[in-house]
C-alpha cells in the first residue's frame, strides 16, 4: 500500500485489524514451534535413536 | 474475514477458526480413538501414538470446517447453529474452505508418514465420507442420513487400533459397529426435541419425514442391536468382567431410557424429558463404555 494514499479504514477499524492479526500470528507461531518439535521427535523415533 | 456495517473486510479471529473445528465433537473423536489405541494389542511409541491422535483430531477439525462451509446457509436457519462463524458473518466462506482442505491434507499426510498408510487411508476416507457423502449427499436428501452417515463417526477407534497393530481385525470392527448402531438413537433423540429447528432448515430428519411415532419405534429398535454389539467383546472373551458388568449396566440404563422414549407420546418439545434424558445419557454412555473397555483391556485383561 502507498503510504500517501488515504487508509480505507478508520483508526478504530485499524486497531481491530491489528489486534486480530497479532492474535492470529501468535497462534500460528505457537503452532509452528509445536510442529517443529513434533517433527523433530518423530524423526528421532523413526531413525531409531531411542531404540 | 468478515464484512462490517459499512462493507469493509476485517480478518477473522483465531477463535473463529477454532470454532470451525467443532471442538466438542472433536473431543469425542479423540477420546474414542485414544481408547481404540490403548486397547489394541501390542505397543506404540508415545510420540507416534500422540501423532496419530493429533492427526485424528485435525482430521475431525477438517470435517467440522468443511461441514460448516457446505452448510452455512442451513446453519443460519437454526437457532442452535446460527451463532457459528459463517452464518454469524464473522468469516468468509473461502477461508473456511481453505482451512478445511488444508487441515485434511495436512492430517492425512502426517498420519501416513509418521504412523502408517492404512491409518492415513482410513482417515482420508472418513473425512471424505463425512464432508462429501454425509454432508452434501445424505443429510439434505434422506431421513436415513444419520444411519449411513454414522459410519464417519465410527472410524476413530478403528484408526486408533490400526495405529498400533497396522491392521483391522474383528475387535476394531466391533468398536466401529458399537458407534455405528449408537448414532441413530443418539441423533434421533435430539431430532425429536429439535424437530422445529430441523424443519425450518429443510433437513429431512426422520421425525419430520416419517413422524414422531416411527422415530420413537426406530430409537427403541436400534437400541437392542447396539446393546448386543456392546456386550459382544465380553461374550467373545476379548475383555474381562469389569467391562462385562459395565456394559450390561450401561446398556440396561440405555434400554430403559429408550423404552421411556418409546412410551412417550408428547409432540411438544417441552414435554420431551425422556428424549432429552436419552440424548444426554447417550453421550455419557459412549464415554464410559469406551473408557472402561480401554481400562479393562489395558489393566485387567
Verdict on residue B:25 being touching a helix residue (DSSP H, G or I) at 6+ places or on another chain (Cβ under 9 Å) and either crowded, with 19+ Cβ neighbours inside 10 Å or within 17 Å of residue B:98 (Cα to Cα) (or both): no
Of the conditions (1) assigned to a helix (DSSP H, G or I); (2) within 19 Å of the chain's Cα centre (by Cα), residue B:203 satisfies every one except a single condition; which number is it? (1)
State whether one or more residues within region B:185-206 are outside the structural domain of residue B:272 (by TED's automatic domain parsing) and farther than 29 Å from residue B:235 by Cα. no
Within region B:76-85, count every residue that is surrounded by 12 or more Cβ atoms within 10 Å (Cβ to Cβ) and in contact (Cβ under 8 Å) with a residue 40 or more places away in the chain. 5
Give the residues of region B:24-67 that are within 14 Å of another protein chain (Cβ to nearest Cβ), closer than 26 Å to residue B:292 by Cβ and free of Cβ contacts under 8 Å to residues at least 60 places away in the same chain, sorted by residue number. B:45, B:46, B:50, B:54, B:57
For region B:136-158, enumerate the residues that are assigned to a helix (DSSP H, G or I) and more than 16 Å from residue B:26 (Cβ to Cβ). B:136, B:137, B:138, B:145, B:146, B:147, B:148, B:149, B:150, B:151, B:158
Tally up the residues in region B:221-232 that are surrounded by fewer than 18 Cβ atoms within 10 Å (Cβ to Cβ) and either within 23 Å of residue B:207 (Cα to Cα) or not assigned by TED's automatic domain parsing to the domain that holds residue B:248 (or both), please. 3
Taking region B:206-225 and keeping residues outside any helix (DSSP H, G or I) and more than 15 Å from residue B:141 (Cα to Cα) leaves B:211
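Assess whether residue B:10 counts as being modelled with pLDDT under 90 and within 14 Å of chain A (Cβ to nearest Cβ).
Numbers: modelled with pLDDT under 90: yes; within 14 Å of chain A (Cβ to nearest Cβ): yes.
Yes: the conditions hold for residue B:10.
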The conditions are (1) modelled with pLDDT under 95; (2) within 27 Å of residue B:164 (Cα to Cα); (3) buried (at least 21 other Cβ atoms within 10 Å of the Cβ), and residue B:298 fails exactly one of them. Which is it? (3)
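With respect to residue B:121, is the statement that it is out of contact with any helix residue (DSSP H, G or I) (no Cβ under 6 Å at 6 or more places or on another chain), outside any helix (DSSP H, G or I) and away from every other protein chain (no Cβ under 14 Å) true?
no
The values are calculated or read from the model by the stated rules, or taken from the named source; none is laboratory data. Because the structure is predicted, anything quoted here is derived from the model rather than measured. Positions of Cβ are generated from backbone atoms using ideal geometry, with glycine treated the same way; all protein chains shown enter the neighbour counts.
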